[in-house]
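What follows is one structure encoded as structure tokens, with my remarks underneath.
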Amino acid sequence: MSVAPRPAVPAKPSSSTPNFAHERNDSVSTPPPPQQTVYDRSLARKRGEVSLSAFAYIFSEAVQYCHSRSKDVSELEHRLNLLGRHIGVRVLELTVLREGKNAKRETRLMPMLQFVHTHIWRTLFNRPADSMQVSTEEQLQYMIIDHRPLVTEYISVPRDMSQLNCAALVAGIVQSVFSAAQFPCKVTAHSMGTDEFPDRTVYVVKFEDSVLKRV
Amino acid sequence: MGVLSIFILSKAGGLIYHKDFGFGLKKLNNSNDYLVIAGTFHSVHALTTRVNPLNTHSSGLLTMEMETCTLHCLQTLTGLKFVVVTDNNQSNVSVVSSTIYEIYSDYVMKNPFYTLDMPIRCHKFDRALNQYISTVE
């Protein structure tokens with residue numbers, strides 16, 4: 001996977017040095033001072049908040065882009081899932097980095113699930129997931145439940161695509177977090193709305209057998 | 001019940017959303033008539049922006065008072081019109097219409113499945129609108 005190059009940070013204008021201050025003509029509009037970009041901030045900052053509106057518009061365009069290139073709902077979900085995987089590997093690195101001295105590499109299944117449920121969710125959405133369950137039907141299948149997923153807050157799915165859940169992006173993120181931590185798995189997002197939480201989403205995590213052999 | 005009815009008009013004058021909130025309101029016989037009312041209002045609004053003795057920009061018709069109800073119109077920078085029909089005692093209608101505009105920008109504009117200038121069919125918009133209108137005194 002290739003990492004996109006970072007945009008060059010604009011250099012500070014030389015006019016701000018005191019030597020040239022007296023030569024500046026105020027009637028000529030000077031370019032605004034370069035604002036601190038997201039790349040200038042320290043990665044260690046605990047709170048990296050972004051605008052929800054900006055995210056919602058970008059995500060809306062991303063869904064439209066994927067939708068126009070997909071022939072059915074499952075392909076659209078797959079494309080959203082792939083988008084999320086690029087995010088997931090970085091989210092894991094960032095979250096562990098921010099833990100600082102308390103950082104720990106999880107090697108066991110339950111602590112890893114707990115880590116995703118609490119810490120990864122907190123990095124992404126500023127709150128832990130609502131609950132976690134073990135599947136009674138299949139071995140190595142777990143469910144992480146979010147009552148109000150942030151990414152689908154403003155999205156009304158039309159009736160003819162009722163099985164679509166745009167939280168497939170988050171499923172992709174979770175899948176790649178687990179895979180990057182050496183827990184290969186498949187994650188899918190399913191809408192299971194209740195009267196109280198119409199957007200309730202269940203992320204089904206199905207680990208591969210190799211995880212069981214190791215544990 | 002303050003707010004009786006809400007119409008949203010596209011910039012071309014087409015009716016893209018209509019909902020009645022008042023209890024036991026009379027309906028028009030034909031759903032086409034709602035489109036006609038919207039188109040007519042759009043034209044009247046366009047006329048009123050021109051009928052202006054001062055040589056300045058006019059925002060056009062803002063409110064229309066009748067014996068039993070009042071019609072308020074909010075035109076956005078993009079040409080969209082929010083028409084809110086209330087009873088005559090309703091106060092702070094500008095807050096109501098700008099909040100409806102806010103709900104529209106959240107639940108319609110951020111929805112990837114909505115096509116611009118088409119009728120609004122977003123269940124989350126309906127839900128948010130219902131929830132807000134029920135809190136309006």
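The values are calculated or read from the model by the stated rules, or taken from the named source; none is laboratory data. Keep in mind it's a predicted model, so treat the numbers as computed, not measured. Positions of Cβ are backbone-derived with ideal geometry, glycine not excepted, and every protein chain shown enters the neighbour counts. What goes into the accessible areas is simple: the full protein's heavy atoms, side chains included, and nothing from ligands, DNA or RNA. Shrake-Rupley method; radii C 1.70, N 1.55, O 1.52, S 1.80 Å.
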If I model a spin label at residue A:130 and residue B:26 as a point 7 Å from the Cα along the Cα→Cβ vector, what separation in nanometres do I get? 4.6
With labels modelled as points extended 7 Å from the Cα through the Cβ direction, what inter-label distance (nm, one decimal) is found for residue B:62 paired with residue A:141? 6.2
Working out 0.36 nm times the residue gap between residue B:11 and residue B:105, then minus their Cα-Cα distance, what length gain in nm do you get to one decimal? 32.3 nm
Dividing the Cα radius of gyration by the Kirkwood radius, what Rg/Rh value follows for the protein assembly as shown? 1.08
Just to be sure I understand the model, the point goes 7 Å from the Cα along the line to the Cβ. What's the resulting residue A:82 to residue A:110 distance in nm? 3.8
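Once the Cβ-Cβ distance between residue B:35 and residue A:90 is put in as r, and R0 is 35 Å, what FRET efficiency do you end up with, to the nearest 0.05? Kindly include the intermediate steps, with their values, before the conclusion.
Numbers: r = 50 Å, r/R0 = 1.43.
Computed FRET efficiency for residue B:35 and residue A:90: 0.10.
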Using just the C-alpha positions of segment A:52-214 as equal point scatterers, what log10 of I(q)/I(0) does the Debye formula give at each q in 0.10, 0.14, 0.19 1/Å? -0.36, -0.71, -1.29
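Output the direction-averaged projected area (hull surface divided by four) of the convex hull of the alpha-carbon atoms of segment B:3-135, in nm².
Numbers: hull surface 35.5 nm².
Averaged projected hull area, Cα only: 8.9 nm².
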Please report the net charge: other residues with Cβ closer than 14 Å to the Cβ of residue B:116, K and R +1, D and E -1. +1
Going by accessible area, probe 1.4 Å, with all protein chains left in place, what is the ranking of A:45, A:105, A:159, A:98, largest first? A:159, A:105, A:45, A:98
